[in-house]
Amino acid sequence: MSNNQNRSSSILKALEYASKIHKHQKRSFSNEPYINHPIRVANNPEVLNYKWEGVSVAFLHDCIEDGEYPEEVDKYIKENFSAKIYETVKLLTHNRLEKSYEEYITTILNSGNEIAIAVKYADSLDNSIPTSSMDEKWIERCKKYKKNSELYLDCLKETKEVNALLKRNQTYD
């Protein structure tokens, strides 16, 4: 199988698996099918910059956290996707028993993982869009997501610059 077929296969497999995991889930504030959220995240231009890996991660980013059987979902992703995709999805999975939301965000921001930061940016941006059916509590959450999305975008730009410098310095060694 060629690299292009592997890449296309990864995207399709990720979308099919995310669709299976989120099959009966609805967005809590809009009642739309949940799968629409990862599809919008995957179509964000910052995510698309990371081509098939970014798109695959975007489709899978909520699967472990929101799946009915997280251990099985984790195992499936580990066994069926590249180590890079798996590690990025794991980084984006918030285990509320292990880390506060602030610790979770800090871990992503300090990771140096451009794909994780880009997907989290797109995720927060998508979550920041209010709908007419939201109450005041949800609207406040949207404002927090919007603020966080700006933080992720700034961090992504800085991380790209640092990673480019590191890569350039490695070529001189």
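Counting 0.36 nm for each residue step from Glu68 to Ser82 and taking away their Cα separation leaves a gain of 2.8 nm. Put in line by how crowded their Cβ is, counting other Cβ atoms within 10 Å and starting with the fewest, Lys23, Lys99 read Lys23, Lys99. Taken one residue at a time, the phi angles of region 80-97 give Karplus couplings (6.51, -1.76, 1.60, θ = phi - 60°) of 10, 9, 4, 4, 5, 5, 4, 4, 5, 4, 4, 4, 7, 8, 8, 8, 5, 7 Hz. Gly and Pro are set to x. Annotation: for a label point projected 7 angstrom from Cα along Cα→Cβ of Ser133, residues of region 15-44 with backbone N closer than 14 Å are 25-37. Electrostatic bookkeeping for Ala116 treats Lys and Arg as +1 and Asp and Glu as -1; over the other residues with beta carbon under 12 Å from its beta carbon, the sum is -2. The charge dipole of the chain, taken about its Cα centre with unit charges on the Cβ of Lys, Arg, Asp and Glu (plus for the first two, minus for the last two), comes to roughly 360 debye. Between Asn31, Asn148, Asn80, the residue with the greatest mean-square fluctuation in the GNM of the chain (Cα pairs under 10 Å linked by springs) is Asn31. Tell me whether region 20-108 comes out rounded, prolate or oblate; compute the Cα gyration tensor, take square roots of the eigenvalues as a ≥ b ≥ c, and use a/c under 1.5 as the rounded threshold. It comes out rounded by the Cα gyration axes. Computed from backbone phi, the HN-Hα couplings of region 130-138 come to x, 10, 5, 8, 7, 8, 4, 4, 5 Hz, rounded to whole numbers (Karplus: 6.51 cos²θ - 1.76 cosθ + 1.60, θ = phi - 60°; Gly and Pro given as x). Bridgeable lysines around Lys137 (alpha carbons under 18 Å apart, same-chain partners fewer than 8 residues away excluded): Lys146, Lys147. Region 106-149 and region 1-71 have Cα centres separated by 17 Å. Given the chain, what whole percent of its Cα pairs are spread farther than 19 Å? Of all Cα-Cα distances in the chain, 58 percent exceed 19 Å.
Bear in mind that the values in this text are calculations on the coordinates, not laboratory data. Small disclaimer: the values here were computed from a predicted structure and weren't measured. Here Cβ is always computed from backbone atoms with ideal geometry, including for glycine, and neighbour counts include all displayed protein chains.
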